[in-house]
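Peer 1: Can you keep this structure in mind? I'll have questions shortly.
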Amino acid sequence: MAMSKRARLVLADGAVYEGCSFGAETEACGEVVFSTSMTGYQEMLTDPSYAGQIVVPTYPLIGNYGTNDGDHESTRVQVRGFVVREECQEPSHYLSRRTLHEYLADSGVPGIHGVDTRAVTRRLRSAGVMMGMVTSERSPEEALEELRRQPDYGDIDFARQVSTPEPYEWEPAGDVEDSRPSIVVVDCGLKYSILRMLRGRGCRVSVVPCIFSALQILALEPDGIVLSPGPGDPAVLDYVVATVRELIGKKPIMGICMGNQLIGRAFGAGTFKLKFGHRGANHPVKDLSDGRVHITSQNHGYAVDPDTLPDELGVSHVNLNDGTVEGLRHRDLPLFSIQYHSEASPGPRDNAYLFDRFLEMVRGKNGTLPPLEKRE
């Protein structure tokens, strides 16, 4: 790679972090967030839940195993920008096809390396996530002026931007008629690993846009429905919440991440923005039914307010770092949700069993789900 330009990350509070540019020779604005995953940068880059964001990995060396043709979670790089401590220019992996620099450059996404990412992380933990700009052309003052003109991250409907424009079937098996369960996934920003997990368990999987109505979804005659993860504030997705409200009780439902928040809002609960979110592959979550603690992969900036939940909807999991809601269960209907990523990618696959639990529910075995604690 040729000598790179000097570049900077400018935060909305005036903080400036210097480094060198790599990836695409352009600039970008977005909400600056950090992720604690040690590996899986290609999955992070292509995760639609990062749409509209500039991502800062806390692990110092990024790019050491290159990029390949299989570890993608959507059709393109979704992040606005990528800020790393050290970018590896000579990756070593037998599947590697391009360097991280080439991968970002081909995707039109700018990056900065040589940044003190520990300092950025400490700033965001202290002040909270905020808008920022990656630039190699503008002065800090010019970048701040541009940031003032940008809309707030929470005001944008990113789900509509990243959702599939048309319905499709994942790895169709032709015209063979069989007894495999039919699952419809509502795409608010899904990761392909969700589809791989369901298909690997013998399901016929269809994906529909987030703007599909309940009538359109039910017309596909699904045996179960999955509400996918996605980016942004669930408060701007009232049209999806209305759809979820109409689907409740019609079919078994599993919500993942954004899907958890949409279910909460469909039952009248509120959601709120976390100070710096949960992003990474090492977040401890406690299952309240049996006391087990799971290490989970997470990527979200909003959470359900437990004080606003109706009696029929109980909290099934909590985050051991901050006590926030990590799962919901209906006391009677075949419906549950989790705030973390059961499909991992990146992260531990310890929670893939939740897809098995969902399929048991689809088969009418709702009684196999663990009981909820009685609310006082």
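The values are calculated or read from the model by the stated rules, or taken from the named source; none is laboratory data. Keep in mind it's a predicted model, so treat the numbers as computed, not measured. Glycine gets a Cβ as well: all are built from the backbone with ideal geometry, and neighbour counts include every protein chain shown.
Peer 1: Do we find that Gly264 is within 19 Å of Arg349 (Cβ to Cβ), of a type outside the set (Phe, Trp, Tyr), crowded, with 22+ Cβ neighbours inside 10 Å and assigned by TED's automatic domain parsing to the domain that holds Gly230 in this structure?
Peer 2: Spelling it out, it is not the case that Gly264 is within 19 Å of Arg349 (Cβ to Cβ), of a type outside the set (Phe, Trp, Tyr), crowded, with 22+ Cβ neighbours inside 10 Å and assigned by TED's automatic domain parsing to the domain that holds Gly230.
Peer 1: Okay, moving on. Which of the residues that make up the range 41-77 are more than 25 Å from Asp155 (Cβ to Cβ) and of a type in the set (Gly, Ala, Ser)?
Peer 2: Gly63, Gly66, Gly70
Peer 1: Follow-up. Here is a list: Gly255, Gly277. Which entry is in contact with a strand residue (DSSP E or B) (Cβ under 6 Å, 6 or more places away or on another chain) and within 23 Å of Pro57 (Cβ to Cβ)?
Peer 2: Sole residue among the options that is in contact with a strand residue (DSSP E or B) (Cβ under 6 Å, 6 or more places away or on another chain) and within 23 Å of Pro57 (Cβ to Cβ): Gly277.
Peer 1: Testing Glu169 on (1) buried (at least 18 other Cβ atoms within 10 Å of the Cβ); (2) touching a Ser or Thr at 6+ places or on another chain (Cβ under 6 Å), one condition comes back false. Which one is that?
Peer 2: (1)
Peer 1: While we're looking at this one, here's another question. Can you pull out the residues in the range 97-143 that are in a helix (DSSP H, G or I) and of a type in the set (A, V, I, L, M, F, W, C)?
Peer 2: Within the range 97-143, Leu100, Leu104, Ala105, Ala119, Val120, Leu124, Ala127, Ala143 qualify.
Peer 1: Further question: How many residues are more than 15 Å from Glu43 (Cβ to Cβ) and in contact with a helix residue (DSSP H, G or I) (Cβ under 8 Å, 6 or more places away or on another chain) when one looks only at the range 58-87?
Peer 2: Total meeting the criteria: 6.
Peer 1: All but one of (1) part of a loop (DSSP other than H, G, I, E, B); (2) surrounded by fewer than 19 Cβ atoms within 10 Å (Cβ to Cβ); (3) in contact (Cβ under 8 Å) with a residue 12 or more places away in the chain hold for Tyr94, so report the exception by its number.
Peer 2: It is condition (3) that Tyr94 fails.
Peer 1: Name every residue in the range 51-91 that is of a type in the set (D, E, K, R), in contact with a His (Cβ under 6 Å, 6 or more places away or on another chain) and in a loop (DSSP other than H, G, I, E, B), in order of residue number.
Peer 2: Matches in the range 51-91: none.
Peer 1: Also, I was wondering about something else. Looking at Leu335, Leu320, Leu288, Leu313, which one is crowded, with 21+ Cβ neighbours inside 10 Å, in contact (Cβ under 8 Å) with a residue 12 or more places away in the chain, touching a Pro at 6+ places or on another chain (Cβ under 9 Å) and not polar (S, T, N, Q)?
Peer 2: Going through Leu335, Leu320, Leu288, Leu313 in turn, just one is crowded, with 21+ Cβ neighbours inside 10 Å, in contact (Cβ under 8 Å) with a residue 12 or more places away in the chain, touching a Pro at 6+ places or on another chain (Cβ under 9 Å) and not polar (S, T, N, Q): Leu335.
Peer 1: Then there is this: Answer with yes or no whether Ser193 is polar (S, T, N, Q), touching a residue at least 24 places away in the same chain (Cβ under 8 Å) and not assigned by TED's automatic domain parsing to the domain that holds Arg80.
Peer 2: yes
Peer 1: Right, next: Quick check, is Tyr239 of a type in the set (Phe, Trp, Tyr), under 14 Å from the mean Cα position of the chain (by Cα) and not in a loop (DSSP other than H, G, I, E, B)?
Peer 2: no
Peer 1: Something else: Scan the range 321-344 for residues that are among the basic types (Lys, Arg) and assigned to a loop (DSSP other than H, G, I, E, B) and jot them down.
Peer 2: Within the range 321-344, just Arg331 meets the criteria.
Peer 1: Here is a further query. Using the structure shown, decide if Val318 is modelled with pLDDT of 95 or more, touching a strand residue (DSSP E or B) at 6+ places or on another chain (Cβ under 9 Å), in a strand (DSSP E or B) and of a type in the set (Val, Ile, Thr).
Peer 2: Yes: the conditions hold for Val318.
Peer 1: Hey, does the range 200-214 have a residue that's assigned to a strand (DSSP E or B) and either of a type in the set (Gly, Ala, Ser) or crowded, with 24+ Cβ neighbours inside 10 Å (or both)?
Peer 2: Scanning the range 200-214, I find at least one residue that is assigned to a strand (DSSP E or B) and either of a type in the set (Gly, Ala, Ser) or crowded, with 24+ Cβ neighbours inside 10 Å (or both), so the answer is yes.
Peer 1: Taking the range 179-200, which residues are farther than 20 Å from Gly40 by Cβ and in contact with a helix residue (DSSP H, G or I) (Cβ under 6 Å, 6 or more places away or on another chain)?
Peer 2: Scanning the range 179-200 gives Pro181, Ile183, Val184, Cys188.
Peer 1: Which is of a type in the set (Phe, Trp, Tyr) and within 22 Å of Thr36 (Cβ to Cβ), of Tyr94, Tyr103?
Peer 2: After ruling out the rest, the residue left standing is Tyr103.
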